[in-house]
Structures are given as C-alpha cells and as structure tokens.
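Visitor: Dropping a structure here in structure tokens format, bear with me for questions.
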Amino acid sequence: MLATRLGTLQLTNPVLSASGTFGSGWEGREFSDLSRVGGLVSKTVTVKPRPGNPPPRILETPAGMLNSIGLENKGADYFIPESLPKMKQLVGEHGRVIVNIGGESIDEFVELAERFTAAGVDALEVNLSCPNVQEGRLLFSTSPQMCERAVAAVKAVTDVPVFAKLSPNVTDVVEIARAAAAGGADGLTAINTLIGMAIDWRRQRPVLGRGIGGLSGPAIRPVAVRMVYEITRAVDVPVIGVGGIQSASDVLEFLCAGAAAVQVGTAQFADPALMVRLVEDLERELAGLGRSVGELIGSAHPEAGPATPGQPAAAGASAQERR
Ligand code: SIN
C-alpha cells in the first residue's frame, strides 16, 4: 500500500527527509525509529568544508521560515567516514540513503558523484538550486543548458539514481525540468526554497546576515504543489515533492499532484518525530480510501480520468503506471 519507486529506486514508503532540515539524521534518532521512513536525504555535502553565511541565518516568518545557511558543512572528507555510516545504520536494511551534493563547478559535482558512488549510496540528489551562495548563484537551476550539462556530467560517472533538485525561482520550471531530464536525471526534486528577504525597519537593515534567504514551510506549499503538477504532466521523470508538508493530508495532496515521493523539511525543526508519524497516518488514510500510494500518484491530472467528488480518481492509470 505504501510502497513506491523513483525510477529504479524502490522505497518502502514515500516519506523522505528534505536536505538541510535533518542533518544526516543522527540527532533525530532519539525521537523516532528512522528505519521506518522511506529514506534520509543528507544536508548538502561540498568538496571542501564551508563555514556558511554570517549570522543571523534563520528567521521565522508567517507560515514559514527564511534561511541563509550558505551550505555550511564539514566537506566530503569528513562526511564519508563520519556521517555516511551513521545514515546507513539509521535507515537499516530497507530505508534508502540519499546524499545531496553541492558543487561550485561541474568538476566539483563530478568529483562528489564519483566519491559518493564509491562510498556506497542508494542515490544522489544534485543540489542545483541553493539560493544562499555567491558562486554561480542558481546558475545550474536557472539555465537549461547548465542544468543539463551538470546532470549529464554526474550521470556519466555514477551508476546510482540521480535526482536533480530544482529551484522555484524561475519563470518556467518545466523548461528546467526538461533540461534535467535531457541530462539523464532519474528523478526531480521540486522544489527548493523561494528567494525572500526581511528588513528590520528599526535598524533599516536586512535581518539576515547575507540579506536574502530561502523561504520554506507551509507558505510555499501551493507553489510547490503547482510546480509538481506542471512538471509531472509535461516530463516523464518521477518527481519528489517538497514544500511545507506538515500532515498526511499534505503528503496525499502532493501524490495527487503527481509526486511519487515527498520530502519533509521545515516542520521537522518543530517536530523531529514527524516523518514516522506521517508514515503511520498515511497508512491509515490510504486504508480508509482503499487506495495505494501508486494509485494516487498523478490522480489529479485530467489524463488520470474522472474522480468521484471527495474521492481519488476512480479510473485511469496513475502517473507511475503510465510511465
Ligand atoms: C543552505 O544551506 O543555505 C540551504 C540549502 C539550499 O537551499 O539548498
């Protein structure tokens, strides 16, 4: 009932952590049994350690959060021996380990893909879309040519599935999704944060140390749902939906929009046990509906056939089956 797949990657259930909101999961082990989630996605790992942006880096906003972390991390030399084995231990035999990689150049993406493939991961998520760094800011997620080149370069050196994490900060997300698919992406993660800003009018200065940041949380969910819907109707690649998920109802909304899996992000800062509860709640909701995850994927698309009012689409193949 809960099983799903992202291309060749089978998942016991569609609930994954969103990069950057759960570290490598180690601190989260005290709150729930993480072997019950579909998988963990690491905070972005870069070739070299990064100190991140100047503080303040986080600001609560109405129905969301602005962050300007700047990809702070200890680099691949630390992550591979120290954090990766812990991720594998946490997810156990059935959960998936997905490492999110961030490069300042295509060469760096390639180096990271080679090293993590050798180290043994279930999939790579390519962070093309962090809005909080100066170098080549958003270049890989706003230029279709650069996006395709980066994804193709990663694909050329790995045999694990490659997911491209897309930015919402574009005019036409479908164009970028097509470019990632042309580069060979096995899946697309939609969406990263929306660029935003807050100003302290008393000081007449931006609140965040770097000025701008990425908006996440329930405030962006309608944007994310719309983008997942548009991408999955146009591009024949599985999509991982992310943006403001707080409940099983939100997960179901993303599935109906076309997502084959979801990532849970900002809400975990307030509730680090949320992912496992979502798995349980989702199972109950699906049992009530008499439907499986696979049957709901893309069921809101007109091509999926008519839906009974208040019920999921009763006829037609899911987006996953249509592939
Ligand atoms: C950050 O570290 O600044 C956030 C990561 C991202 O938005 O990709």
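Visitor: Would you mind computing the Rg to Rh ratio of the stretch 181-226 from its alpha-carbon coordinates, Kirkwood style for Rh?
Guide: Radius of gyration over Kirkwood radius for the stretch 181-226 works out to 1.19.
Visitor: Oh, and also: Determine the gain in length on full extension of the stretch Thr61-Gln145; use 0.36 nm per residue of separation and subtract their C-alpha separation, reporting nm with one decimal.
Guide: Contour length minus Cα-Cα distance gives 26.8 nm.
Visitor: Modelled label-to-label distance, Ser249 and Asp200, 7 Å Cα→beta-carbon offset: nm?
Guide: Between Ser249 and Asp200, the simple spin-label model gives 3.7 nm.
Visitor: Skipping prolines and chain starts, which residues have an amide H placed within reach, meaning under 5 Å, of the one on Gly196, given they are 5 or more residues away or on another chain?
Guide: Gly213, Gly214, Leu215
Visitor: Using a Debye calculation, one point per C-alpha and no hydration shell, please list log10 I(q)/I(0) for the stretch 217-286 at q = 0.13, 0.15, 0.28 Å⁻¹ in order.
Guide: -0.34, -0.44, -1.25
Visitor: Okay, helix-only estimate at 222 nm for the chain: each DSSP H run of n ≥ 4 adds -39500 (n - 2.57), divide by all residues, round to 500 deg cm²/dmol; what do you get?
Guide: The helix-only estimate for the chain comes to -9500 deg cm²/dmol at 222 nm.
Visitor: Now for a different question. Among Glu111, Glu175, Glu82, which one shows the highest mean-square fluctuation when the chain is modelled as a Gaussian network with alpha-carbon springs under 10 Å?
Guide: Glu82
Visitor: A follow-up question, please. Using DSSP to call loops (not H, G, I, E or B), can you name the chymotrypsin sites (Phe, Trp or Tyr not before Pro) in the stretch 149-239 whose Cβ has at most 13 other Cβ atoms within 10 angstrom?
Guide: Trp201
Visitor: Cβ neighbours within 10 Å, averaged per peptide: list 51-63, 113-125 in order, most packed at the top.
Guide: The peptides rank, most packed first, as 113-125, 51-63.
Visitor: Let me ask something else about it. Residues of the stretch 150-182 with the amide nitrogen closer than 20 Å to a label point 7 Å from the Cα of Asp236, along Cα-to-Cβ, please.
Guide: 152, 161-164, 174-182
Visitor: By count of other Cβ within 10 Å, fewest leading, how are Lys48, Lys165, Lys43, Lys155 ordered?
Guide: Lowest count first: Lys48, Lys155, Lys43, Lys165.
Visitor: Take Val225, Val251 and order them by how many other Cβ atoms sit within 10 Å, fewest up front.
Guide: Ascending number of Cβ neighbours within 10 Å: Val225, Val251.
Visitor: With a point put 7 Å past each Cα toward its Cβ, work out how far Glu82 is from Glu175 in nm, to one decimal.
Guide: Label at Glu82, label at Glu175, 4.2 nm between them.
Visitor: As a test of understanding, state the convex hull volume per residue of the chain from its alpha carbons, in Å³.
Guide: 123
Visitor: What's the tally of Lys pairs in the chain whose alpha-carbon atoms lie under 17 angstrom apart, where the two lysines are 8 or more places apart or on different chains?
Guide: Total qualifying Lys-Lys pairs in the chain comes to 7.
Visitor: Mind putting together the pair-distance distribution for the stretch 148-253? All Cα pairs, 10 Å bins, whole percent per bin, short to long.
Guide: Reading the bins upward from 0: 14, 38, 29, 15, 4, 0.
Visitor: Most exposed first by the Cβ proxy, i.e. fewest other Cβ within 10 Å, how do His301, His94 rank?
Guide: His94, His301
Visitor: How long are the semi-axes of the ellipsoid equivalent to the stretch 24-149, from square roots of 5 times the Cα gyration tensor eigenvalues, in whole Å, largest first?
Guide: Semi-axes (√(5λ), whole Å): 24, 20, 14.
Visitor: Equivalent-ellipsoid semi-axes (√(5λ), Cα gyration tensor) for the stretch 88-194, whole Å, largest first?
Guide: Taking √(5λ) for each Cα gyration eigenvalue gives 22, 14, 13 Å.
Visitor: Still on this structure, please answer the following. Rounded to the nearest Å, what's the spacing between the alpha carbon centres of the stretch 263-307 and the stretch 212-253? Just the number, please.
Guide: The stretch 263-307 and the stretch 212-253 have Cα centres separated by 12 Å.
Rule-based calculations on the coordinates, nothing more; no lab input. Computed from a predicted model, the values in this text were never measured in an experiment. No Cβ is skipped: glycine too gets one built from the backbone with ideal geometry, and neighbour counts run over all protein chains shown.
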